[in-house]
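Novice: My questions all concern the structure below.
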Amino acid sequence: MIEHNQKGMMLLDNACGMISMMSSLSLNMYNHIILMNQNQKLSSLFYEMMLSNMKYLHLFLQLSYHLGMEPRLWTCYCQHNEYWSPSYNNYHQSFDSLMDNVIESKKVLIDKFNLQLKSIHDPDIIKLLKSVIKEENKYLTLLSSFINTAS
């Protein structure tokens, strides 16, 4: 079972680690802006995903704070606090690369949260992780439909 402090660090990492809501938020914002003049429907979907990321970023930070953590945009890495960085993302401009990147990023995020579900017993954290996974899967389906339409 994961201890109280470890739960807080895990939640901070979910908020602002390399594979996190903050990384997803910034990538979705970038994709939204890049696609505004090319594909308004897809750009709007990235905007919607960005809003979802902000909601979950807030919830992860709020829960970490209740567990005694400082809710900054950082994570604990090798016993040191490390602030989130935009360099955690790969930014693409071509449609195919952009879509491949965002889909892969979502899959990695979902895998991370599914793995955490196996070691967490806190009902609030389980509920939050399941909610994020459900929403991310919904967006994966929608993104895949854009790829199929473009093919």
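The values are calculated or read from the model by the stated rules, or taken from the named source; none is laboratory data. Only a predicted model underlies this, so the values are computations on that prediction, with no experimental measurement involved. Backbone-built Cβ (ideal geometry, glycine too); neighbour counts: all protein chains shown.
Novice: Among the residues of the stretch 99-129, write down those that are surrounded by 13 or more Cβ atoms within 10 Å (Cβ to Cβ), out of contact with any Leu (no Cβ under 7 Å at 6 or more places or on another chain) and free of Cβ contacts under 8 Å to residues at least 24 places away in the same chain.
Specialist: Asp100
Novice: Right, something else. Which one is nearest to the chain's Cα centre (by Cα) among residues in the stretch 56-76 that are among the aromatic types (Phe, Trp, Tyr) and in a helix (DSSP H, G or I)?
Specialist: Among those that are among the aromatic types (Phe, Trp, Tyr) and in a helix (DSSP H, G or I), it is Tyr56.
Novice: Among the residues of the stretch 1-13, is there at least one that is closer than 15 Å to Ile125 by Cβ, modelled with pLDDT under 95 and polar (S, T, N, Q)?
Specialist: yes
Novice: OK, next. Of these, Asn53, Asn101, which one is touching a helix residue (DSSP H, G or I) at 6+ places or on another chain (Cβ under 6 Å), within 15 Å of Leu27 (Cα to Cα), modelled with pLDDT of 95 or more and assigned to a helix (DSSP H, G or I)?
Specialist: None of the others qualify; the one that does is Asn53.
Novice: Considering the stretch 82-98 alone, what residues qualify as being assigned to a strand (DSSP E or B) and surrounded by fewer than 12 Cβ atoms within 10 Å (Cβ to Cβ)?
Specialist: Within the stretch 82-98, just Tyr83 meets the criteria.
Novice: Identify all residues within the stretch 1-32 that are outside any helix (DSSP H, G or I) and surrounded by fewer than 24 Cβ atoms within 10 Å (Cβ to Cβ); write none if there are none.
Specialist: Met1, Ile2, Glu3, Gly17, Met18, Ile19, listed by residue number.
Novice: Something else about it: For Ser145, all conditions in the list (1) closer than 18 Å to Asn28 by Cβ; (2) surrounded by 14 or more Cβ atoms within 10 Å (Cβ to Cβ) hold save one; what is the number of the exception?
Specialist: It fails just one condition, (2).
Novice: Name the pairs: first residue in the stretch 134-148 and farther than 15 Å from Asp96 by Cα and in contact (Cβ under 8 Å) with a residue 40 or more places away in the chain, second residue of a type in the set (Ser, Thr, Tyr) and assigned to a helix (DSSP H, G or I), Cβ to Cβ under 8 Å, at least 6 apart or on different chains?
Specialist: Listed by first residue and then by second, the contacts come to Glu135/Ser52; Glu135/Tyr56; Tyr139/Ser52.
Novice: Now a separate question. It is to be established whether one or more residues within the stretch 33-41 are out of contact with any Lys or Arg (no Cβ under 8 Å at 6 or more places or on another chain), at pLDDT 95 or above, outside any loop (DSSP other than H, G, I, E, B) and surrounded by 14 or more Cβ atoms within 10 Å (Cβ to Cβ).
Specialist: Scanning the stretch 33-41 turns up at least one residue that is out of contact with any Lys or Arg (no Cβ under 8 Å at 6 or more places or on another chain), at pLDDT 95 or above, outside any loop (DSSP other than H, G, I, E, B) and surrounded by 14 or more Cβ atoms within 10 Å (Cβ to Cβ).
Novice: I'm told Cys78 meets every condition in (1) exposed (fewer than 15 other Cβ atoms within 10 Å of the Cβ); (2) closer than 29 Å to Thr141 by Cβ except one. Can you identify the failing condition by its number?
Specialist: The number of the failed condition is (2).
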